[in-house]
1. Roughly how many percent of the accessible protein surface of the stretch 464-613 is carbon and sulfur, given a 1.4 Å probe and a whole-percent answer?
2. For n ≥ 4 DSSP H runs only, could you compute -39500 (n - 2.57) per run for the chain, divide by its residues and tell me the 222 nm figure to the nearest 500?
3. What percentage of the solvent-accessible surface of the stretch 741-800, computed with a 1.4 Å probe over protein heavy atoms, is contributed by carbon and sulfur atoms?
4. Return one number: the angle in degrees, 0 to 90 and rounded to the nearest 10, between the long axis of the Cα atoms of helix 1019-1030 and the longest principal axis of the Cα atoms of the chain.
5. Computed on alpha carbon atoms, what radius of gyration and Dmax characterise the stretch 335-382, expressed in Å?
6. For I90, I845, what's the largest-to-smallest order of accessible area, 1.4 Å probe?
7. Tell me the chymotrypsin sites (Phe, Trp or Tyr not before Pro) within the stretch 445-508 that lie in a loop according to DSSP and have at most 16 other beta-carbon atoms within 10 Å.
8. Where does helix 2-22 land angle-wise versus the long Cα axis of the chain, in degrees 0 to 90, nearest 10?
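The values are calculated or read from the model by the stated rules, or taken from the named source; none is laboratory data. Since this is a predicted model, take the numbers as computed values, not measurements. Here the Cβ positions follow ideal geometry from the backbone for every residue, glycine too, while neighbour counts run over all protein chains shown. Side chains are part of the model used for accessible areas, which takes the heavy atoms of the whole protein and leaves out ligands, DNA and RNA. Shrake-Rupley method; radii C 1.70, N 1.55, O 1.52, S 1.80 Å.
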Amino acid sequence: MMRNYKHCIVIFPFLFLYLHVTLGVAPIIEGFKPSFGTVGTSDRITILGSNFATLSAVYSNGIKQSVITSIDSTTRYFTNTAPSSLQYNIQAENQAGEKSNIATYYIAQVDVANSYQKNTDYYIVGTFDTIPDHSNLKVMAILNYPLQYLNGTHLTFKLNLELLSANSIGLYDDSTSVSVESFKFEFAPIVHSANFNMDLLYIQGIFLETNNLEISILTRGVVYPCVPSAASTSDMSCTATKRSLTNPITSFQILNKRNSKVTYYSVVFQTAIQSHSNFANGTAIFYGQFSIDLNNKLDGLTNLNINIDDIKPTQFTIIYPANAKCGYAYVGTAGLRQTNNYYVCPTPKLENVITLPSTSNGLVLTFKSYFTSMVVYGTNDNAIVFILDYQDGQDGYMCAIADSKYASGSYESTCVVPKENSFFIVAVTYSGEISNRLLVEYKPTISNCSSTDYMVPGKVTIYGTNFINQNIKISIETANCINPIPRNATQIVCNFPSNIVVQDFFKPLQVTISVGTYQISENIFLYNRPNPLIQSATSILYGSPGLVTIVGNYFGDPDIVVRIGGSDCRVTILTDTEMVCSFNSDVPSDYTTPLDVFVSIRSKYNSISRVFYYTRPTPIIKSATSTKYLVPAKVTIIGSILASDQIFVSIGGSECSQALSSLDGTSITCQFKSDVFIDDFRKPLDVFISIEQKFNSTNQVFLYINPAKNCPNGKNGELCSGHGQCNQQQFVCDCKDGWASFDCSINDGGTIIPDPNVNNDTSSTIITPSGTEFDVGIILINEMGQDDNILNSYNVGNITWNNITKQDNQYSYMTTLPNTNSTLLVKLSINPLDKRVFYNFAGDIIPILPKSIKYQVELENYDFKSTLNSLNFIFKSGVTKGESNCIYQENTDTQVLLDSLRSIQMTLNGETLVGTFSDRIILDNRPSYNKVEKLNQTEISKLSLNDQITYISISTSYFKSNVVVDPNFGVLVSNAPNNGCMEKKKFESWKIGVIVTAGVIAVSMAVAILYVLKKRKQRILFNAKLQKLNNNKF
């Protein structure tokens, strides 16, 4: 048994070695042949390596390839069925299943369609970055011919005759000496050099298909054919058109018509013409870059070369010969071209007219000219056109030359013109040269002309024929008509100063016109009849119809209309220089703004002039503020028509200095010394105003303040209770914010009450926060005899009002007193503001608090039974309703000055009525002092009035025209009612005071302090009551 094992052990190593050698050695891939492939050859791949003896399969990108062909022991190729790719990972496998290394086979991609040629360089386009070693690339047509790798998408090589002659060109792998793939490329001709000899283009290069080649020259975007004259495989020539050589850099192309391949090439002229200038003496300077000498000539304009003079690096000069034409000029010598072609024309010159066109000769024009050849030298191209300018506003007239003959250095040309009128003819070359303007003229005629206003410069239009803008001069009589301009052949416009004096407007003046070489005259000019000339007008008062005298000229015509400010003024007297008309003075205007005076004759000849002024009215003085005697102070005078910067004011004969008027003319302020003595301060002083030392007015409106009047002390003994300042002009207390009353003694709690309610009978109601209603208003007007007997009594509450109006916060009631012609006007004004304001009444300045009701009562044309009688105005004030039976505070304080009630304070449950009374009134538009009294019980009973109400009487003496009183009513809550009654009393109609202040009509309202205050803790209840009141507002 052991022996047998020994034999086995000896045999096994040899068997293993045999199987390893024959079956177990893995194949090795060492490379490819060729080292890279192309898309067109990727279906067959040849691999190089070792251990291929038992090779059974090859994998391409993981896909098994079964068809494998053996070339030798180290070479195999297989048919590649893997999907197309630019690289394949190749791996071999033997019968034992052992696999080789993986080798990558790279594929190049050639794009034949997009490959291109640039003359001698050809560029193969494709994908080449996968080629392992670019140095192994060669061109296959010529072994080892260099092929340059530019980048991953471009290969390039130089073309030569052998390559152009090859049927195909392929890629060659120099590392394996194997052709990769061949391609069929199409080639264009190759140009090695080119030059010009005059107009002949010589080209050297490689031209294999001469019969299929076409040459063109590219100039400024235009393709010009170059006609071939000779061709071989190495040389070609063609004749260029003149226009194609105008670019200093002349580019041309050679097209192979068989394959549409094109080669481009450029010839650069080192000496180039770029521009030129023509001069009137027949010379021209050409500009550019020149490297020439006097042996060079300018060719292309005549059959003879033109000498070049004054040569500089950037210019040279020539003189045009008489036979020079438009042409393509260039510099050359001995048949060799030095520059590009340059299109140039000598400037045409028109000399004179030989034959004038007329209907008898068929409108044929013959004229002499220079440099007017019709065609470009050496071509049949048109060179020049002739334009006719009839100055009729139309373009497009051409003179088509029918015949043009050159002789002795000039041309004689003929053409047919469209009409027999004067015109200019101009020659224009296609290069832009413009000749002089040759006048072809006919004798002008004058038919008529327009007119101007007499002595008013204006434009004159003259009508006729054969007008042309050539040496035009126009005069009308001895005056030049300036700046004559023909509109067309039949109209000329000029500026006439219209300064020729005439006596007869219907006798025409002589018009003389010079046009070209002609001068003609006709008597045809007439002035327009002059518009009337307005120089001045007299003045009258506004609103007072009267006669106005208007001075001027050219009025003498009965068909005349006059208006002042648009209102008719009827003419009563009329001459040529003056007229008088009747004017209603009904056009509103002030005396400083003139009105238009309009005069129209025959509805055609019109004039307007702002010369009429209203006569300035005298100043109107209505009122003046007061001062205290011997206390200098500022006085404000109220009125109208007071505006001026030349004002003199005196009061009682004493000057009120530094007078200054308001812009609207309603007031003047001045400084008064208060030095005019008067025995009774109740007597008014004259206020005198003089404006511009000729407009004067006087009115007795100034009153001194009562000399006994001083600012009051409060109950605490302090001036104005320590809560205000004394106004040293009016001698009243100006209270600080939060304080009220004549002596500033009542603290303002800040409570706001609603506006008073106005009733239809002129009475009004003021409701306090606690709900108490105060009823105020005028109730009686009584005429009183000398013995205080009532002669007439009018119950205002029972009067029927004819007219009741409301505007904003003002109510107006108007009626006629029964059985009289007297007009009664009652105005009620509410101060709706939540702050105190000030009003001036007859010089008395009074503060008025928020929510006041002001009465203004005016009585006009009252017929007194006797001049010794007087009138009493009776006003009521009382509590008509109370919300509480608790009365815990009740008192009345009054202030009396010289027996006239000045102020009153009444307190009811913390609600205090504060009143201030003016002692002034307006009688017949003049201020006066009056006496304000509270009626006593006897007087109340005598008048059968309610003794639970307080009544105030304002008395006035006899007046002629009118009287105005202006009382104000209001209440003030200084303390909120106490919730706990200290002393309970049954509510009765409590007598409440009246605030009466006389006011000024149409100037400043009198002021009453009507203000209700309440503690903060009552505001919620009060606001609820306000909501209720808002539903009952007037």
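1. Carbon and sulfur together cover 48 percent of it.
2. Details: 4 runs with 44 residues, N = 1034.
Computed ellipticity for the chain at 222 nm equals -1500 deg cm²/dmol.
3. 39
4. Once rounded, one gets 90 degrees.
5. 17.0, 55
6. Values: I90 0, I845 50 Å².
From most exposed to least exposed: I845, I90.
7. Values: sites: Y454, Y463, F467, F505, F506; in loops: Y454, F467, F505, F506.
Answer in residue order: F505, F506.
8. That works out to roughly 80 degrees.
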